[in-house]
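K.L.:
My questions all concern the structure below.
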Amino acid sequence: MATMDAVSKRRERPLSPHLSIYKFTITMAMSIAHRITGGALYVGVLLLAWFLIAASADAAAFGAFSAFIHSIIGRLVLFGFTWALFHHLLGGVRHFLWDAGYGMDRPLREQLAWATLIGGFALTLLAWAIGYAVR
């Protein structure tokens with residue numbers, strides 16, 4: 001009987017925390033976005049490789065790349081890659097600041113998360129505006 005009491009007491013232990021008990025925050029969203037943009041950059045390097053291979057090949061290969069990149073879908077992919085690049089960069093700066101011990105307090109932590117989100121879009125729009133101005 002003593003062993004039965006030990007087994008029943010073991011089953012009464014609390015469950016591990018799970019997502020349903022956490023309140024969704026901007027820092028949580030930016031952490032998820034940082035991981036997603038890292039994966040997007042990994043895949044986006046294929047676009048860069050396609051450009052380099054097409055540029056080093058003949059005119060037909062570069063024409064195929066150029067036709068894709070100048071299409072609506074190509075520009076959306078390039079815009080998304082640009083945003084992922086800047087967002088991931090700013091997320092890395094935010095994590096670097098955290099590793100140095102800065103920005104861990106509540107108001108600054110959330111301000112850095114918002115700065116990452118807004119700054120990523122702002123830098124993307126700035127880069128595209130400069131690109132179109134130079135073009």
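Coordinate-derived values only; no laboratory data. Being a predicted model, the structure only gives us computed values, none of them experimental. Glycine gets a Cβ as well: all are built from the backbone with ideal geometry, and neighbour counts include every protein chain shown.
K.L.:
Starting from the coordinates of the alpha-carbon atoms of the chain, obtain the Kirkwood hydrodynamic radius over all distinct pairs and give the value in Å to one decimal. Present the calculation step by step, with values, prior to reporting the outcome.
P.N.:
Working: mean 1/r = 0.0539 Å⁻¹.
Final number for the Kirkwood radius of the chain is 18.6 Å.
K.L.:
Work out the length of the dipole vector of the chain about its Cα centre, built from +1 on the beta-carbon of each Lys and Arg and -1 on the beta-carbon of each Asp and Glu, and round it to the nearest 20 debye.
P.N.:
Computed charge dipole of the chain: roughly 400 debye.
K.L.:
Sticking with this structure for a sec: Using a simple spin-label model with points 7 Å from Cα along the Cα→Cβ vector, what separation in nm is obtained for Leu97 and Ser31?
P.N.:
Result for the modelled spin labels: 1.8 nm.
K.L.:
Moving to a separate point now. Between 0 and 90 degrees, rounded to the nearest ten: what's the tilt of helix 106-134 against the longest Cα principal axis of the chain?
P.N.:
10
K.L.:
Full extension from Ala127 to Ala64: what is 0.36 nm times the residue separation minus their Cα-Cα distance, to one decimal in nm?
P.N.:
My answer for the length gained is 20.2 nm.
K.L.:
Which of His70, His87, His34 comes first, and how do the rest follow, when ranked by fewest Cβ neighbours within 10 Å?
P.N.:
Final ranking by Cβ density, sparse to dense: His70, His34, His87.
K.L.:
While we're on this one: Taking the Cβ of each residue in Arg109, Arg35 as the centre, tally the other Cβ atoms inside 10 Å and list the residues starting with the fewest.
P.N.:
Arg35, Arg109
K.L.:
Now a separate question. Please check: in the Gaussian network model of the chain (C-alpha springs, under 10 Å), which one of Gly119, Gly92, Gly101 has the largest mean-square fluctuation.
P.N.:
Among Gly119, Gly92, Gly101, the largest mean-square fluctuation in the Gaussian network model of the chain belongs to Gly101.
K.L.:
Can you tell me the 0 to 90 degree angle between the C-alpha axis of helix 2-11 and the longest principal axis of the chain, rounded to 10?
P.N.:
The two axes meet at around 30 degrees.
K.L.:
Another one. Starting from the Cα of Ile118, move 7 Å in the Cα-to-Cβ direction to define the label point; list residues of the stretch 27-60 whose amide nitrogen is under 17 Å from there.
P.N.:
27, 30
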